[in-house]
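Just below is one structure, and these are the notes that go with it.
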Amino acid sequence: MEAQKCPLDLWAYQEIIFEGKPDVIVETGTFNGGSALYLASICDIVRRGKVITVDIEARPGRPQHPRITYLEGASSTNPEVVARVTGMIEKDDAVMVILDSDHSQGHVLDELRAYGPLVTRGQYVIVEDTNVNGHPVLEDFGPGPMEAIEAYLGEGAAFAVDPDKEKFFMTFNPRGFLRRV
Ligand SMILES: C[S@@+](CC[C@H](N)C(=O)[O-])C[C@H]1O[C@@H](n2cnc3c(N)ncnc32)[C@H](O)[C@@H]1O
């Protein structure tokens, strides 16, 4: 099952999950479900965690796994979707979030505002594909995830960029690994 991720970023993902052992991983942007299956398999290894993955499109054949819940057919920023995700989180759960849906600045900023507050202290929100709009690829993309992060941090959000998660020298997510402080 295909996952649309840089393998070196997946290495960072498995370190983050091993270290933080989140109870809930929320992913926006399921596509074929390959990344959700990867996340669930790491949860299997650490014997903890469930994956809630949201996509505006329903697709047949997404992998079934007891740790994965698919929310399909509505935008990640739809208030009902955000409420459903929030309702699936228990009071003391450690929560991690991955944003990998529509990569326009406006959408990612809306996602950060909606899902950022769910992330618990010490856990991460990972913003995928911050490398677009000339950082350093796809110069003509227009404002995207990197610009959304700058705007979100500019609002005083309680996250710090963790450059340590870029240690494998190539990442699709420069400045995209944000740790809740
Ligand atoms: C880059 S793909 C996700 C890749 C997947 N996470 C992986 O690593 O294999 C982006 C997905 O976001 C979905 N998407 C686009 N806009 C969306 C929105 N507003 N809300 C939720 N999902 C959206 C698309 O349908 C697509 O499946």
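Counted over the chain, the DSSP beta bridges are approximately 25% antiparallel.
How would you rank 6-17, 56-67, highest first, on the average number of other Cβ atoms within 10 Å across their residues?
Final packing ranking: 6-17, 56-67.
Label separation (LEU10 vs ASN32): 1.2 nm, computed from points 7 Å beyond Cα along the C-beta direction. At the residue level, LYS167 shows approximately 70 square angstrom of accessible surface with a 1.4 angstrom probe and all protein chains present. Cross-link partners for LYS5 among the lysines, with Cα-Cα distance under 22 Å and sequence neighbours closer than 8 places in the same chain left out: LYS21, LYS50, LYS165, LYS167.
With the cut-off at 1.5 for a/c, could you classify segment 139-181 from its C-alpha gyration tensor as rounded, prolate or oblate?
Values: a/c = 3.79, a/b = 1.02, b/c = 3.70.
Note, shape of segment 139-181 comes out oblate.
Got the relative contact order for the chain handy, in percent, Cα pairs under 8 Å and 6 or more residues apart?
Numbers: 346 pairs, mean separation 37.5, N = 181.
That works out to 21 percent.
Counted residue by residue at 0.36 nm each, then reduced by the alpha carbon distance between them, the extension gain from GLU150 to GLU57 reaches 30.7 nm.
A full extension of the chain between ARG48 and GLU139 corresponds to an added length of 28.8 nm, given 0.36 nm per residue minus the alpha carbon distance.
Give the relative contact order (percent, whole number) for segment 1-96; include only Cα pairs under 8 Å separated by 6+ residues.
On the way: 146 pairs, mean separation 28.9, N = 96.
Computed over segment 1-96, the figure is 30 percent.
Among PRO79, LEU99, VAL46, whose Cα sits farthest toward the positive end of the charge dipole of segment 31-181 (+1 at Cβ of Lys/Arg, -1 at Cβ of Asp/Glu, about the Cα centre)? Comparing the listed Cα positions along the dipole, VAL46 ranks first.
For segment 161-177, the Karplus equation 6.51 cos²θ - 1.76 cosθ + 1.60, evaluated at θ = phi - 60°, returns couplings of 5, 10, x, 4, 7, 9, 6, 8, 6, 10, 9, 7, 10, x, 6, x, 9 Hz by residue, with Gly and Pro reported as x.
Were the residues from GLN64 through ALA83 laid out at 0.36 nm apart, the gain over their Cα-Cα distance would be 4.5 nm.
The values are calculated or read from the model by the stated rules, or taken from the named source; none is laboratory data. Since the model is a prediction, treat every value here as computed from it, not as a measurement. Note that we place each Cβ from the backbone using ideal geometry, even for glycine, and neighbour counts take in every protein chain shown. Ligands, DNA and RNA are stripped out before the accessible areas are found, and what is left, the full protein with its side chains, is counted by its heavy atoms. Shrake-Rupley method; radii C 1.70, N 1.55, O 1.52, S 1.80 Å.
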